1. Report, by chain and number, residues whose modeled amide H sits under 5 Å from the one on H57, excluding near sequence neighbours (fewer than 5 apart, same chain).
2. Figure the gain on full extension for R33 and W77 (residue separation times 0.36 nm, minus the Cα-Cα span) and round it to one decimal in nm.
3. Please arrange D20, D30 by how many other C-beta atoms lie within 10 Å of their C-beta, fewest to most.
4. How far apart, in nanometres, would the label points at T60 and A88 be if each is projected 7 angstrom from Cα along the Cα-to-Cβ direction?
5. Mind listing the long-range amide H neighbours of H11? Cut-off is under 5 Å, sequence gap 5 or more, other chains count too, H placed in the peptide plane at 1.01 Å from N.
6. What number, in percent, do you get for the relative contact order of the chain if the mean sequence gap of Cα pairs under 8 Å and at least 6 apart is divided by its residue count?
7. Just to check I understand the Karplus step: with θ = phi - 60° and J = 6.51 cos²θ - 1.76 cosθ + 1.60, what whole-Hz values come out for segment 46-57, glycine and proline as x?
8. Over the chain, how many pairs of lysines fall under 23 Å by alpha carbon, counting only those 8 or more apart in sequence or from different chains?
Amino acid sequence: MKEYVILSTTHYVYIVRCSDTTFYTGYTTDVTRRLAMHNAGKGARYTRARLPVVLMHSWTFPTKSEALRVEYAVKQWTRAQKLRLLAAPELIQQLSW
């Protein structure tokens, strides 16, 4: 009989501010590592030309699917909506199912 180990992973959605003041929203399981990747020029193509990036906020989610749904929704938002979210981070709960 095989034994399975269930690993608990925390999933994050984060927003960084790029050097040109635009926002980039992403998903990761390790915010510190991902931020370092962005700033090393090995992150998303969007951020590579807009270095350095600064972490504005991150949120945790219990499942990858929930985090990816929220990431997609936030990516569709306008800058004004993202600024409101950053001013009141608890609003992210309205996107969580």
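1. Answer set, sorted by chain and number: I15.
2. On the way: separation 44, 0.36 × 44 = 15.84 nm, distance 2.53 nm.
Length gained, R33 through W77: 13.3 nm.
3. Working: D20 8, D30 12.
Listed from fewest to most nearby Cβ atoms, that is D20, D30.
4. It is 2.4 nm.
5. Counting only residues 5 or more places away or on other chains, the set is F61.
6. 30
7. 4, 7, 4, 8, 10, 7, x, 10, 10, 5, 8, 6
8. 4
Every number here is computed from the coordinates shown, using simple stated rules; none is lab data. No experiment lies behind these values; they were computed from the predicted model shown. Virtual Cβ from ideal backbone geometry, glycine too; neighbours counted across all protein chains shown.
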